[in-house]
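Only one structure is covered here, and it is reproduced in the block below.
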Amino acid sequence: MSYKRPQAEPIETTKICEYGCLAVANYKFYNGKLCCSKHHNSCQGKRNLFSKLDHSDRTAKSLATRIEKGITKSSQIKGGKTRRDSGHYEKLAETMQEHWANHPWDNNMQCPLLKYKTIDINYQGTYEYKFLESLELENNLEWISKNVSRGPSIWYIDPEGSNKKLYISDFIIDNTIFEIKSSWTWDRNGKNSQLREKNKAKLTECVSQGYNVVLVLNNQRIEYARVMDGVV
């Protein structure tokens with residue numbers, strides 16, 4: 001049986017957090033200490049204390065260790081290229097997708113994959129559930145089971161840093177990828193143009209690889225061409 005660290009216990013008290021922020025404690029840890037946050041590293045007092053420490057000695061030792069072992073920036077870049085060329089990241093993505101599909105109860109995920117009703121297709125979050133529900137209303141559960149699957153993993157170029165990144169699409173039906181988004185995850189409700197361009201870059205790469213693309217934004221389906229025309 002694997003060991004699980006006891007969770008912080010929510011409490012009601014007038015006592016002060018013991019990690020230096022002077023706020024009222026909201027949690028009690030298994031060791032008896034009180035804290036304002038569920039995790040002590042989230043306490044602003046502890047964060048402020050850590051930022052004031054002199055880390056130069058630790059950093060110097062870390063650099064010396066990397067030099068001694070030959071772990072340089074160039075070797076890391078070369079290793080990353082080797083892993084990309086060998087398909088390591090694609091295989092890792094497939095392994096993780098399979099793990100999430102087989103372990104939807106894994107509470108280590110903030111938003112776990114769950115099985116949609118009685119069929120063998122998984123969804124993640126309310127918007128994906130509503131998308132599958134709309135398909136069920138248009139067709140039926142058996143149709144979803146035969147025609148819908150989780151989407152493919154695709155490499156794209158991040159427009160912000162020009163780095164190659166892996167995008168795991170949501171669903172695919174025939175040759176059409178359906179990307180499920182809320183206004184928040186698309187562009188932070190219109191306030192983050194960089195995130196919007198990154199999401200557009202993912203969809204553009206899908207099209208360049210021969211897929212059709214539909215963005216399902218706030219439960220509304222929008223064709224790729226309309227997305228690129230600035231409809232959203």
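Being under 30 Å from K164 (Cβ atoms), at pLDDT 75 or above and not assigned by TED's automatic domain parsing to the domain that holds K164 narrows it down to one of G20, G70, G80, G32, so name that one. Before the answer, list the steps.
Details: G20 fails: under 30 Å from K164 (Cβ atoms); G70 fails: at pLDDT 75 or above; G32 fails: under 30 Å from K164 (Cβ atoms).
Of G20, G70, G80, G32, the one residue that is under 30 Å from K164 (Cβ atoms), at pLDDT 75 or above and not assigned by TED's automatic domain parsing to the domain that holds K164 is G80.
Per-residue answers, yes or no, for (1) over 12 Å from Y211 (Cα atoms); (2) surrounded by fewer than 16 Cβ atoms within 10 Å (Cβ to Cβ):
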residue: S145; (1), (2): yes, yes
residue: I157; (1), (2): yes, yes
residue: E160; (1), (2): yes, yes
residue: D174; (1), (2): no, yes
residue: I177; (1), (2): no, no
residue: W186; (1), (2): yes, no
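Of the numbered criteria (1) in contact (Cβ under 8 Å) with a residue 12 or more places away in the chain; (2) at positive phi, the one K200 fails is (2).
Filter region 188-232 down to residues that are touching a Cys at 6+ places or on another chain (Cβ under 9 Å) and buried (at least 19 other Cβ atoms within 10 Å of the Cβ), then give me how many there are.
Taking region 188-232 and keeping what is touching a Cys at 6+ places or on another chain (Cβ under 9 Å), we get 212-213, 224.
Adding the requirement that they be buried (at least 19 other Cβ atoms within 10 Å of the Cβ) leaves 213, 224.
So the answer is 2.
Selection of region 126-143 for residues being surrounded by 16 or more Cβ atoms within 10 Å (Cβ to Cβ) and either touching a residue at least 60 places away in the same chain (Cβ under 8 Å) or closer than 24 Å to T204 by Cα (or both) yields Y127, E128, F131, L132.
The values are calculated or read from the model by the stated rules, or taken from the named source; none is laboratory data. Bear in mind the structure is a predicted one, so any value in this text is a computation, not a measurement. Note: ideal-geometry Cβ built from the backbone for every residue, glycine included; neighbour counts use all protein chains shown.
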